[in-house]
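See structure below.
The values are calculated or read from the model by the stated rules, or taken from the named source; none is laboratory data. Since the structure is predicted, the reported quantities are computational estimates derived from the model, not experimental observations. Neighbour counts run over all protein chains shown; Cβ positions are idealised from the backbone, glycine included. For the accessible areas, the whole protein counts, side chains as well, though only heavy atoms, and no ligand, DNA or RNA atoms are used. Shrake-Rupley method; radii C 1.70, N 1.55, O 1.52, S 1.80 Å.
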Amino acid sequence: MNVIFCDTIPSDAYIYVIANHDISRANDYLQKICGDEYAKHISSLCSDIKYKEHKAFDVYLDGDAKKIIVIGAGEKNKVNRASIEKLGGAIYTAISDSCGNISKKHKECGVKIFVSSDIDHPNSYAYISSGISLKSYVFDKYKKEKAKFTISELHCKSENIDDDKCLYNKLGNICESVNFTRDLVNEPANVVFPQTIVDKVTTEFNQLGIKVQVLGRQQMKDLGMNALLGVAQGSSMEPYTLVCEYVTDESVDKIALVGKGVTFDSGGISIKPSNNMAEMKGDMAGSGVVLGAIRALAANKTKCNVIAAVGLVENMPSGTAQRPGDVVTAIDGTTIEVDNTDAEGRLVLADVISYVGKTYKPAVIIDVATLTGAIGVALGKEYAGLFSNDDDLCNRLCSASSETGEKIWRLPTHEAYAKDIKSNIADIKNVGSGNGGGSITAAKFLEHFVTKDTKWAHIDIAYTEWCTADLSLSQRGATGFGVRLLCELVEKNS
Ligand code: BES
Ligand code: MN
Ligand code: ZN
């Protein structure tokens, strides 16, 4: 989608969208687009329609030549970045609903759209465009019948053309990276597996100035990453740890982003029920998110000091698979009783968190993982779980979250929860007693591998990385939840 910020109303656009706080005041634009007479008629239709958030009306259909949609932008005093991006998503939905029977001509050439609004925000058009980009993503590469239509050109009537252009360049890179993450998560596990992620990242990231280091099985063995390797040992897929470095400013805090990259989680010998097991192709979403975030930061040349490290494995049952009851020694010497092979994410993350902590000594470690089904019991699909040893880091994450609209909620990590993962025969075990609080015991397990002087946060995205119904900024499937949040955090930090 080509986004053009302009100061005039193009006459050759097919769809005109007018977003207003008070729809009855769309008159000015209507007059310019369709002339006095129609404008009067339309505004009389609109007169009793007040602002209603994201409610859209087709007010003018000029055969095959022109459509006009008026959409409510919500209450004036509640406008912020997140709400404007959502408005962009609603605009996209209104356009695509209204174009159910769009003419062949327009479908083939893509639709040219003009957006104007009276939203009182200096960069509303850049954020509307970003919302439209995010919402318009579809994963249809395996379908013969492709998406209904594409927006070829989006024209926005802007008062701050240069500002909007500059901001949208950045937002556009972020959207692209969110879609990079969504692609990785949507792809099935026979296409996206450890090797293919390594190949994709090593070829694509070098061009962005990101240094990529690959640890293979032998190197991980030599390092003592036996917790991660134990998970991988039932699968025929080669496991990897990928470490990406993007450093443009050594003077700012080094932030390490660590992602769970289980490309398929069958549960292993503690096998999962077959219902919905297919969703476990998305168990690498955490790694997708941290890779997407560093990709966006590099594309935007953000001044920062960021490491993104991902542990890539497949968790399968087989004759070589790890058994419940096995004991493995993690890279930091901790012995772990593997009580349940389906609690594999924490085993992978334990080694990667330790490795990154020891090797790069970051001030901050943030791990992102589809770690527990229990987070869905606690928070449902709206909020991701946040766990941390540091109030200041939580505050920074929460303010980034309210900017981007990716909601996170902090849960406790009180030391009392740690006794749940005490083992009879090893230092710790990988599951709690099963008496509730499963997301917290998982977080306590991870915290064990973080040195006390490192600020650490863990974001459990098990129920937010994937949606079964459309959301305001994504359609069914992978959401890319977390990419924009991490970018925002790092950007504010720099
Ligand atoms: N990948 C799953 C968590 C998950 C569940 C992600 C549902 C997305 C949707 C994780 O590896 C897992 O299996 N966790 C177990 C832990 C249990 C064995 C302690 C779980 O949540 O059941
Ligand atoms: Mn599992
Ligand atoms: Zn898993």
Within segment 452-471, residues being closer than 16 Å to A278 by Cα and buried (at least 16 other Cβ atoms within 10 Å of the Cβ) number 5
Out of the residues in segment 324-352 that are open to solvent by less than 10 Å² (accessible area, probe 1.4 Å) and within 23 Å of Q213 (Cα to Cα), state the one that is nearest to ligand 2 (Cβ to nearest atom). G345
Out of A232, A227, A278, report the one residue that is open to solvent by 60 Å² or more (accessible area, probe 1.4 Å) and either within 16 Å of ligand 1 (Cβ to nearest atom) or not assigned by TED's automatic domain parsing to the domain that holds L349 (or both). A278
Scan segment 353-385 residue by residue and report those that are part of a helix (DSSP H, G or I) and either away from ligand 2 (no atom under 16 Å from the Cβ) or open to solvent by 20 Å² or more (accessible area, probe 1.4 Å) (or both). I353, S354, Y355, V356, G357, K358, T359, Y360, A374, V377, A378, L379
Pull up segment 207-224, narrow it to residues that are more than 22 Å from G292 (Cβ to Cβ) and open to solvent by less than 20 Å² (accessible area, probe 1.4 Å), then point me to the one that is farthest from the chain's Cα centre (by Cα). G224
What are the residue pairs meeting all of these: first residue in segment 202-225, first residue on the phi > 0 side of the Ramachandran plot, second residue of a type in the set (D, E), Cβ atoms under 9 Å, and 6 or more apart or on different chains? G224/D332; G224/D351
Can you tell me which residue is farthest from V3 (Cα to Cα) among those in segment 112-128 that are assigned to a strand (DSSP E or B) and out of contact with any Asp or Glu (no Cβ under 8 Å at 6 or more places or on another chain)? S117
Residue pairs within 6 Å by beta carbon, gap of at least six or interchain, first lying in segment 334-350 and more than 17 Å from L242 (Cβ to Cβ), second within 11 Å of ligand 1 (Cβ to nearest atom) and assigned to a strand (DSSP E or B), listed first then second, are E337/K429; D339/K429; E344/N315
Please tell me if S439 is open to solvent by less than 30 Å² (accessible area, probe 1.4 Å), away from ligand 2 (no atom under 16 Å from the Cβ), part of a helix (DSSP H, G or I) and polar (S, T, N, Q). no
Against the condition crowded, with 17+ Cβ neighbours inside 10 Å, more than 21 Å from G261 (Cα to Cα) and free of Cβ contacts under 8 Å to residues at least 60 places away in the same chain, how does L393 come out, does it pass? no
Could you please give the count of residues in segment 254-275 that are of a type in the set (S, T, N, Q), in contact (Cβ under 8 Å) with a residue 24 or more places away in the chain and open to solvent by 10 Å² or more (accessible area, probe 1.4 Å)? 1
